[in-house]
1. Provide a single number: the residues in the range 268-307 that are in contact (Cβ under 8 Å) with a residue 24 or more places away in the chain, of a type in the set (A, V, I, L, M, F, W, C) and more than 16 Å from the ligand (Cβ to nearest atom).
2. Would you mention how many residues in the range 206-262 are under 19 Å from S68 (Cα atoms), in a loop (DSSP other than H, G, I, E, B) and among the hydrophobic types (A, V, I, L, M, F, W, C)?
3. Please find, among P172, P168, the residue that is surrounded by fewer than 16 Cβ atoms within 10 Å (Cβ to Cβ), within 22 Å of the chain's Cα centre (by Cα) and free of Cβ contacts under 8 Å to residues at least 24 places away in the same chain.
4. Determine whether the range 100-108 contains at least one residue that is within 16 Å of the ligand (Cβ to nearest atom), in a strand (DSSP E or B), of a type in the set (A, V, I, L, M, F, W, C) and touching a residue at least 60 places away in the same chain (Cβ under 8 Å).
5. Could you check the range 110-175 for strands (runs of 3 or more DSSP E) lying wholly inside it with 1 or more residues that are within 22 Å of D26 (Cα to Cα) and within 16 Å of the ligand (Cβ to nearest atom)?
6. I need the full set of residues from the range 240-270 which are out of contact with any Leu (no Cβ under 9 Å at 6 or more places or on another chain) and hydroxyl-bearing (S, T, Y), in order please.
7. Taking into account only those residues within the range 34-48 that are of a type outside the set (A, V, I, L, M) and farther than 16 Å from D253 by Cβ, which is surrounded by the fewest Cβ atoms within 10 Å (Cβ to Cβ)?
Amino acid sequence: MTGILDINHAGKGLRFGEAEVTRIQDYHGPGFISTFMFPDFRPEMWRQHESWLVPHFYDPAEDRIRTSIHSWLVRTRHHTILIDSCIGNHKQRPTNPRFHMRNEPWLERLAAAGAAPEDIDFVMCTHLHSDHVGWNTRLENGRWVPTFPNARYLFTRREFERWDERLPGHVPRESEQFVFSDSVLPVEEAGQMELIDEGYTVDDLLTVEAAPGHTPGHVKIRLRGHGEHALFCGDVIHHPVQLPFPELYSIFDDDRSMALQTRLAVLDDCARNDILLLPTHFADPFLCRIESTGNSCAPSYLPKWGR
Ligand SMILES: [Zn+2]
C-alpha cells in the first residue's frame with residue numbers, strides 16, 4: 001500500500017483547521033478468529049480482497065483478523081478531548097484474556113503525545129463497552145478513581161441507562177461483567193459524569209450524533225475543521241472487510257439490522273462528502289476515506305488510504 005498516513009508516532013497529529021488529532025494506542029495485533037467476530041465471514045471474502053486485506057488486516061494462516069484498540073486525542077484552541085478510553089490496566093475481564101489484568105504503557109503514550117491526565121478537559125465515549133471505557137479509571141490504593149481528575153466525562157443518557165446495573169430490569173452481558181462498576185460508576189461517584197443527548201457540541205467543532213445498533217446509545221462524533229470533516233465512528237464499523245461487505249455483523253452488535261442501517265448511512269455520508277473516517281479498531285493505517293463501489297440495491301465500499 002502506498003500513501004499510508006502514519007499517525008502512530010507520538011506527538012505527530014493530523015490538523016483539521018484549528019484542531020489537531022492524535023492516535024493513542026492501547027493494543028495493535030492479532031484479534032479474534034474471523035468467524036467468531038463475524039459469524040457470516042467466508043474465505044472468499046478475504047480472497048477477493050487479498051491484495052489490500054492481507055497481511056495488514058487479516059492473517060489467513062491463523063484465520064485471525066488484525067485489530068487495533070486506540071483513543072483519539074483532539075486538541076482544539078480551548079480544550080483537550082479524549083475520544084474513547086480503550087481497555088485500561090488491572091481490569092478483571094475473565095471472558096477475554098487480551099483484556100484481562102493488563103499492564104500497558106497507555107499513559108506513557110499519552111504523555112509522549114504531549115498530554116498529562118490533568119490536561120484532559122473532556123472524555124467522550126462513543127459507547128460503554130469494555131474497550132472504550134477502560135482508561136476512564138485507574139486503580140489507586142485498591143480503589144477505582146477517575147484517571148483524568150479535571151475532565152468532564154460525557155456519556156449519552158441512553159447508553160448509560162443500558163449499562164446501569166442499579167436499574168430494574170437491567171440485562172447483563174457476560175463480556176461486560178465488572179465494566180460498569182470499575183470504569184463507569186466511579187466517574188459518577190466522583191461527580192465528573194455528565195449525561196448528554198445527541199446534538200451536544202464541544203467548542204463548536206465536535207458534535208455528538210446518534211449511531212445506534214452496536215449498542216442502543218452508541219454515538220458518532222463529527223469534527224468540522226476548516227473545509228475538512230472527520231468522523232469518529234467508534235464501533236459502527238469494526239474492520240475494513242466490512243467496507244466491501246457492510247452486511248457482515250459483529251458478534252458484539254446488539255441490534256444487527258439497526259447496526260447495518262447505521263453502518264450504511266455512515267459509509268454513504270463519508271463517500272458522498274469526502275469525510276475522513278476515524279474508527280477505533282482499524283489496524284495500521286488506522287483511518288481512511290471511503291469510495292462507493294456499489295449501488296443502492298447492493299451497497300459496497302472500498303477504503304482510500306492516506307489523507
Ligand atoms: Zn470496540
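1. The number of residues fulfilling the criteria is 8.
2. Result for the range 206-262: 6.
3. P172
4. Within the range 100-108 (the criterion being within 16 Å of the ligand (Cβ to nearest atom), in a strand (DSSP E or B), of a type in the set (A, V, I, L, M, F, W, C) and touching a residue at least 60 places away in the same chain (Cβ under 8 Å)), the answer is no, since none of the residues qualifies.
5. Answer list for the range 110-175: 122-124, 152-156.
6. Within the range 240-270, S250, S257, T262 qualify.
7. Taking the range 34-48 and keeping what is of a type outside the set (A, V, I, L, M), we get 34-36, 38-44, 46-48.
Still in the running and farther than 16 Å from D253 by Cβ: 42-44, 46-48.
Working: R42: 13, P43: 11, E44: 8, W46: 20, R47: 11, Q48: 13.
Residue satisfying both the conditions and the ranking: E44.
Residue-by-condition table, conditions (1) in a loop (DSSP other than H, G, I, E, B); (2) within 21 Å of L277 (Cβ to Cβ); (3) in contact with a strand residue (DSSP E or B) (Cβ under 7 Å, 6 or more places away or on another chain); (4) of a type in the set (S, T, N, Q):
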site	(1), (2), (3), (4)
R15	no, yes, no, no
V21	no, yes, yes, no
I24	no, yes, yes, no
H28	no, yes, yes, no
T35	no, no, no, yes
E44	no, no, no, no
W52	no, yes, no, no
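No lab work stands behind these numbers, since they all come straight from the coordinates. Remember, it's a predicted structure, so these values are computed and weren't measured experimentally. Neighbour counts run over all protein chains shown; Cβ positions are idealised from the backbone, glycine included.
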